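Okay, so here's the structure we're looking at.
The values are calculated or read from the model by the stated rules, or taken from the named source; none is laboratory data. Because the structure is predicted, anything quoted here is derived from the model rather than measured. Here the Cβ is made from the backbone with ideal geometry for all residues, glycine too, and neighbour counts use every protein chain on show.
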Amino acid sequence: MKLSLAVATPEVKETKIGFSGKNFSTIIKQIADAGYDGVELMPLHPDEFDQDQVINLLNSLGLEVPVIGTGLLFGVSGLTLLHEDVAIRNAAWDSYQRIVEFAASFKADLNIGSFRGWLPVDNNNNQIILGWHEMAVDILYKCAEYAGKYGLWLGVEPLNRYESNLINNTEEGLKFIKELKAENIGLVLDTFHMNIEEPTYEEAIKNAGKDIIHIHLGDSNRFPPGYGHIDFAKIVRTLKNVGYQSYLSGEMIPWPNTKTAIKETVKRMRTVINNLQDPM
């Protein structure tokens, strides 16, 4: 398995989760020097920075880009694909297309988590308003279809109940992607969200199996691995047992500081990976 970190692109100066793009070149060089294999990029406005410069920097350091995240479209701009305001939905779709086109430069897959938004709820009965689930299926299918035009996959990320009311766990994620009936769609599992929503990590990973296309790492407090109570050795072993061989990508609060988070995450996760024994 390979290791990466989620880093915002240069136009994004502050983020709540992941590494900001404020000192992009410096952070990318620190990541490369620490021994990571890649970087998961989180763009906001791909037209507002020199894309060729970013591509050349990553190539010069031998860093891959396995996935492009869309979370900042919601986290910074407040755009969601399921917003009740049609103008915001349209702006979200336009921004998504630009990000897919950016992702195509790296042949990187897409991830949609918080960017999908919340399903509107009837305040009288606390039920999802009729027709919105079907709209979510249509919109996410459209997202997968657009990514597919560039030969890319779309990952749908289950989020905990406090951040979404659509797809909170692996079981719901698997059911949803079956509804989509798209050939280029899978699940992005995030250990932070799994800690809240899954009965056990092992069961969730085994059930998802080959539908897993990417893994996000964050401890129980969303700090780097080792600062909470999640058993990452058990998670990595289970991933290996289901045949997962792709990226483990740190998407977390860079605590206690950027440099320490970069060094400690790769050190701890390399130890976990290297200490794996053959499956029982």
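For every residue, the table says whether it meets (1) within 30 Å of residue 268 (Cα to Cα); (2) over 14 Å from the mean Cα position of the chain (by Cα).
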| site | (1), (2) |
| --- | --- |
| 9 | yes, yes |
| 25 | yes, yes |
| 57 | yes, yes |
| 66 | yes, no |
| 72 | yes, no |
| 83 | no, yes |
| 103 | yes, no |
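For every residue, the table says whether it meets (1) surrounded by fewer than 15 Cβ atoms within 10 Å (Cβ to Cβ); (2) closer than 23 Å to residue 217 by Cα; (3) polar (S, T, N, Q).
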residue	(1), (2), (3)
27	no, yes, no
32	no, yes, no
40	no, yes, no
49	no, no, no
52	yes, no, no
74	no, yes, no
79	no, no, no
84	yes, no, no
91	no, no, no
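Mind telling me which of the residues 222, 270 ends up being on the phi > 0 side of the Ramachandran plot and either modelled with pLDDT of 95 or more or among the hydrophobic types (A, V, I, L, M, F, W, C) (or both)? Just a single option satisfies the conditions, and that option is 222.
Results for (1) closer than 21 Å to residue 258 by Cα; (2) of a type in the set (Val, Ile, Thr), shown as yes or no for each residue.
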site: 16; (1), (2): yes, no
site: 22; (1), (2): yes, no
site: 54; (1), (2): yes, yes
site: 89; (1), (2): no, no
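Every test in (1) of a type outside the set (A, V, I, L, M); (2) over 20 Å from residue 113 (Cα atoms); (3) within 20 Å of the chain's Cα centre (by Cα) is passed by residue 29 save one, and that test is (3). Taken together, the residues in region 219-270 that are closer than 18 Å to residue 204 by Cα, without any contact (Cβ under 8 Å) to a residue 60 or more places away in the chain and assigned to a helix (DSSP H, G or I) amount to 7.
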